[in-house]
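First comes the structure, then the notes that go with it.
The values are calculated or read from the model by the stated rules, or taken from the named source; none is laboratory data. Bear in mind the structure is a predicted one, so any value in this text is a computation, not a measurement. Positions of Cβ are generated from backbone atoms using ideal geometry, with glycine treated the same way; all protein chains shown enter the neighbour counts. Side chains are part of the model used for accessible areas, which takes the heavy atoms of the whole protein and leaves out ligands, DNA and RNA. Shrake-Rupley method; radii C 1.70, N 1.55, O 1.52, S 1.80 Å.
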Amino acid sequence: MQILKIGLFILAGLIGLFAIGGLIAPREVSLSRSTIIEAPQEMVFNTVNDLKTWESWSPWKEMDPAMKVTMGDPSVGTGAFYSWTGENSGEGRMEITSSSAPEELTTHVDFKGQGGADAAWTFKPVDGGTETTWAFHTEFPYPFNAMLLFQDFEGAIEKDYDRGLELLKEQVEAKAAAAPQFRVRAVELPLRHFIALRQTVDMSEMTDVFDTNTPKVYQAVEQAGLTMVGMPCGLYYTWDEATGTTDCAQAIPLAEAHRLEGFESIEISESEALLVEYYGNPEGTGAAHGAIEGYCKQQGLVAGEPAIEEYVTDPASEPDTSKWLTRIYYPLVSKG
């Protein structure tokens, strides 16, 4: 009985100490870590915004290689999520709660049964690359916040974030070094007329939509006896990484303006434009677009819409995709 009383006194003392500690300990932890990644802002943002890449640079995956990750749908942009379970990592779920390309995104992590935390990413173009900042915030309810007096929680998070940024930097810089270099040229874009089918589509469906709609437009132009000048084009009015959608049109260029029932008549005014010539399958033009967008930022230029992809090479006459030429034009509005 005496031992029991002593045990109860010790327990009461510990509870009291814990309660007092909770009064003086902080109830939240906030921190941020930064690094400069030698790569374009869009490339760094797109990597973090795609949760499928996280396993290759996550510091927690490195510490717990046996961790099992289950990717959600979607896996890119706002609403993207994944869940994990691991012997050392426990269980949890992470979701991208907001995504504003290419400047910032936020995430929320739910540690199953152990609370949650929020993180924020910012991507800022600087000399030499992109300043990438990873910020963390979480709250500890009283009296559990007393634990912060007995462990270096903030130091542990800083160590993990520093390692994550280090791994991210290695991966993105390797990708940037391997990316093809494109020459951006200023050209005069003449007045152009198109007959087109335009709609907002999921980026994952773009190839199917193009393959379906382009023959429809071509057939309508031919049946109407109109004069086609140039090769089929893709017109891109928006490119929303956050939602994974694009407002685009599959278009046939005409010598002059015409209207056809069920199709859009599109006119693109004469203007100065930026041009990149891309060789390869048109599905891989993303880096070429990124080169023009980066050039605009460096030169203080403002691009209008739509961006134009002109598919110069006929795949039926050239089986080698490395020889397929796509001319990419960005009409210019003004100086920024």
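Computed values, structure above
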{"quantity": "Extended-chain gain in nm, criterion 0.36 nm per residue less alpha-carbon gap, TYR218 and GLU158", "calculated": "15.8 nm"}
{"quantity": "Förster radius 30 Å - calculated FRET efficiency between THR207 and GLU256, Cβ distance, rounded to 0.05", "calculated": "0.45"}
{"quantity": "For q = 0.08 Å⁻¹, Debye-computed log10 I/I(0) when each Cα of the chain counts as one equal scatterer", "calculated": "-0.53"}
{"quantity": "Debye log10 I(q)/I(0) at q = 0.13, 0.18, 0.20 Å⁻¹ for region 237-336, Cα point scatterers", "calculated": "-0.56, -1.03, -1.19"}
{"quantity": "Cα-based reach from LYS124 at 20 Å (exclusive), listing aspartates and glutamates while leaving out same-chain residues under 8 positions away", "calculated": "GLU38, GLU42, ASP50, GLU103, GLU104, ASP162, GLU166, GLU170, GLU173, ASP240, GLU241, GLU293"}
{"quantity": "Projected label distance in nm at MET71 and THR85, using a 7 Å step from Cα toward the beta-carbon", "calculated": "2.0 nm"}
{"quantity": "Gyration tensor verdict on region 181-243 (Cα atoms; rounded if a/c is under 1.5, prolate if a/b is larger than b/c, oblate otherwise)", "calculated": "oblate"}
{"quantity": "Greater than 32 Å apart at Cα, pairs in LYS112/LYS169; LYS175/LYS297; LYS297/LYS323; LYS68/LYS297; LYS112/LYS297", "calculated": "LYS68/LYS297; LYS112/LYS297"}
{"quantity": "Spacing of the two label points (7 Å from each Cα toward its C-beta) at ARG183 and VAL333, in nm", "calculated": "3.0 nm"}
{"quantity": "Degrees separating the helix 2-24 axis from the principal Cα axis of the chain, which is the longest one", "calculated": "40 degrees"}
{"quantity": "Ordering of 307-315, 217-225, 69-77, 37-45 by burial proxy (mean other Cβ atoms within 10 Å per residue, highest first)", "calculated": "37-45, 307-315, 69-77, 217-225"}
{"quantity": "For SER271, solvent-accessible area (1.4 Å; no DNA, RNA or ligand), Å²", "calculated": "20 Å²"}
{"quantity": "Cα gyration tensor shape of region 61-125, rounded if a/c is under 1.5, else prolate or oblate by comparing a/b with b/c", "calculated": "prolate"}
{"quantity": "Residue-averaged [θ]222 nm for the chain, counting only DSSP H segments that reach four residues, each worth -39500 (n - 2.57)", "calculated": "-9500 deg cm²/dmol"}
